[in-house]
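Quick notes on the structure that follows.
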Amino acid sequence: MMQPAQFREIVLKSGFVTPHDFDAAVKSSEELGKDLSDILIYRGLVSEDALGQIISDFYQVPFIKLSHKVIPQDILSLIPEEAAVTFRIIPFGRENNVLQLAMTDPSDLEAREFVKRKTGLKIKTFFATAPELGKAIGQYKRNIKELFTKVIEENVEKSALDTKDEVKLASDVPVITILDTILEYASAEGASDIHLEALESTFLVRFRIDGVLRDVLTLPKNIHPAIVARIKILSRLKIDEHRIPQDGRFKFKISDMFIALRVSILPAFYGENVVLRLLSESARPLALEELGLTGRNLELVKNNIMKPHGMILVTGPTGSGKTTTLYSILTILISTEVKICTVEDPVEYGISRVNQTQINPAAGLTFAAGLRSLLRHDPDIIMVGEIRDQETAEMAIHSSLTGHLVLSSLHTNDASGAIPRLLDMGAEGFLVASTLNLVIAQRLVRKICTSCIEPYTVSDDMLSYLRQLMPGDDISSKFYRGKGCSECNHKGYKGRIGIFEILEVNEAVRQLIIRRVSSDEITKYAVGNGMIRLVTDGINKASGGQTSIEEVLRVMRE
């Protein structure tokens, strides 16, 4: 592997990172126990692609981006999945008797010798970043749907469902296999949630992928109690309680990756329904650029999160990625020199060196009560999961007034709407004006699948409508869409990205807040001074091929 001194030399020589920023990243890496490359990337000092090119130049091998490549099954089968995971390698192409091999460490002689012996082919080595290689290894699961169906059918037949002993049901090997297979398939498909729903005569399994629910599997109704019992045991919930909701969590390992699952069980008419939220613990936090922040919006966020005090709010409907944005900001701010405390409902991701508290209203631990207690723990940075009422709003404002940086979220449609929402909660206008630094409004749009993207020209009516949405801007009639392919399950979309509207609270905006003008007036002023509206950012991303215009309009109508 490359030595630390060599890594420093080649990164500084590239000119992307200054010596001061590199040394600060090294210090954070050592203190926080995180990979130096990850810190450089999510702090926005260098992009993953740029870092990959720098390292490949050092090894004198080509740099390969695997995320857009569909690897033929006959090539993948040359190296077993277990070996690919162990050696961090993957074959992706072949020219005559030369195998193209991507590696995270091209200097690994043992891995190269293994491939030569296993395949009997010559090797041409390429460098791939660890995240890219990890995604590519996921292509081993491409045929998991057929295997999934086969495994489920075989184990449904084997399961012993003739007993009423719930512990015995949950411990039945076929039941364990069925649940494990569902979890593995959900992870391979990139699902964010698994819905297990009891119907009148069947048991329905659905996945939420890229924000959209899809029916995946229908099972016999009699296997439903066994699966629910298994989930309860894993989550340490009461297995014999069927009348009240229960919440829990457990972890599941797939290859070398840990998935944390947040469990919610709700009694329904035909039986208990279960929703599992999948959260990858192995994935590094997303950089601000990876969230979809660019240009002026990116600079506004970077500048304001470094302020020592004040309030930053993220707004949007449920499922718009607010928590992910807040966590990405927190990850940038983590250091041994500050104390970060959060009050959340629920705690979705465990973050090293952050003191995270989950609210429990039944026990009296509300957002406001938790925030009041946090202030006695001498924090520098506070994150409040959501401002829901007057007491929480007043506590958040008080915290930012007393020298803390406060991050939180609100449910409003746009950035300017956060201000009247706070005022309606009873917050004083002059206090909101003096503490609020930045409001980020966002939505999530599905990204066009890179394997089947194609350009097209929109109709004159659509172009006319878009020009009404963006008056004064020059809009091209050329946009993009996904045709649909096996890589995206013939949906035309794969993955999601954010669209943003960011309001910086300057002196002029503060005066508007004190005068309690409408959100429309604040928006009008902000747009006149350079603010990019949500729909504008969405249309810009659509014209750049990141998403489709139909997807932007769908999300904006929600």
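Going by average Cβ neighbours within 10 Å, how do the peptides 177-187, 440-450 rank, with the highest at the top?
Descending mean neighbour count gives 440-450, 177-187.
Quick one: compute the contact order of segment 8-130, relative version, from alpha carbon pairs under 8 angstrom and 6+ residues apart, as a percent.
Value for segment 8-130: 22 percent.
Would you mind checking which residues have amide H under 5 Å from Leu199's amide H? H placed 1.01 Å from N; only 5 or more apart, or other chain.
Leu204
Cβ under 13 Å from Ile497's Cβ, Ile497 left aside: what net charge do those residues give with Lys, Arg +1 and Asp, Glu -1?
Result for the local shell: +1.
Assuming R0 = 22 Å, what is the FRET efficiency of Arg214 and Lys251, from their Cβ-Cβ distance, to the nearest 0.05?
Using R0 = 22 Å, I get an efficiency of 0.35.
Can you give the relative contact order of the chain as a percent, counting alpha carbon pairs under 8 Å and 6+ residues apart?
After rounding, I find 10 percent.
What is the set of long-range amide H partners of Met383 at a cut-off below 5 Å, with H atoms built 1.01 Å from backbone N?
For Met383, the qualifying residues are Cys341, Thr342, Val343, Leu407.
Please list, by residue number, every one of the trypsin sites (Lys or Arg not before Pro) in segment 119-225 that is coil in DSSP and has at most 10 other beta-carbon atoms within 10 Å.
Passing sites in segment 119-225 are Lys164.
Please compute the net charge surrounding Glu386, taking Lys and Arg as +1 and Asp and Glu as -1 over other residues with Cβ under 14 Å from its Cβ.
Local net charge: -2.
What are the ³J(HN,Hα) couplings of segment 217-223, residue after residue, when phi is run through the Karplus curve with 6.51, -1.76, 1.60 and θ = phi - 60°? Round to Hz, x for glycine and proline.
7, 10, 10, x, 4, 6, 8
In Å and from the alpha-carbon atoms only, list the Rg and Dmax of the chain.
Rg, Dmax (Cα atoms, Å): 25.5, 77.
Taking the alpha-carbon set of segment 173-268, what are its Rg and Dmax in Å?
When restricted to Cα atoms, segment 173-268 yields Rg and Dmax of 13.0, 39 Å.
Just so you know, all these numbers are worked out from the coordinates, no wet-lab data involved. Here the structure is a predicted model, which means the values were calculated and not measured. Virtual Cβ from ideal backbone geometry, glycine too; neighbours counted across all protein chains shown.
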